[in-house]
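The values are calculated or read from the model by the stated rules, or taken from the named source; none is laboratory data. All of these numbers come straight from a predicted model, not from anything done at the bench. Cβ atoms come from the backbone with ideal geometry, glycine included; neighbour counts cover every protein chain shown.
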Amino acid sequence: MGPADYKAMRALTGTFPEYVDLINSPIERKLHLGSGIDVDPKWVNIDQSYKDRVPGNGEQLQLNITRLREWFEPGTADLILSHHVVEHLHYREALESIKQWSEILASGGAMYICVPELAWAIDCARGGKHWEEQPEHRHGKFDPEIISWERVNGLAYQGGDHRSAWCREALKVALQDAGLRVKMWERPELIDCTNWLPCCEIIAVGIKP
């Protein structure tokens, strides 16, 4: 199972299990936005920046994800997946893009969006909280330490590449305003990762009525 199928399957199982079979939709009806190097051969992979760095296990379209209605008709996608991409858009641009992606979704289709939760990281840094004080799904394989302002700034700006900040409610409302029925998903287990970014991410899944 490829990276996009795996993410979609896990999140749908934890939110809308009756829609898990959407991962079996035809390739042309599954859009993997900002795919980077995680190209999935069973999806339409779209990224404007990574074309020259993609391994040879799948195709990738070099398109602007904020202008997808120029290439995709309304109601032509069953699944849209965006993993750590929306935070690279300016906030208003992100809101408009999510509405645009929703237009492309068919009725009964699903949208997955994952972003870092900056509000959580700021609260932790202000309170001097340690990793070991967090819920298990926030833990990584690194040594417990204070969630510092240095980490928060890295999350917020990432060399100027991050352009919008998100919390659970903001992400949920963004999908709801795009006309989707929304549930937030929490990983049920520890994260086998030495990078702190996955430990502070939030994931929303929306279904198109």
All conditions in (1) at pLDDT 80 or above; (2) surrounded by 16 or more Cβ atoms within 10 Å (Cβ to Cβ) are true of Gly140 except (1)
What residue, of Glu73, Glu93, is modelled with pLDDT of 95 or more, in a loop (DSSP other than H, G, I, E, B) and touching a helix residue (DSSP H, G or I) at 6+ places or on another chain (Cβ under 8 Å)? Glu73
Of the residues in region 11-52, those that are part of a helix (DSSP H, G or I) and over 20 Å from Val86 (Cα atoms) number 15
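Within the bounds of region 143-157, is there any residue that is within 29 Å of Phe16 (Cβ to Cβ), part of a helix (DSSP H, G or I) and either at pLDDT 80 or above or basic (Lys, Arg) (or both)?
No: region 143-157 contains no residue that is within 29 Å of Phe16 (Cβ to Cβ), part of a helix (DSSP H, G or I) and either at pLDDT 80 or above or basic (Lys, Arg) (or both).
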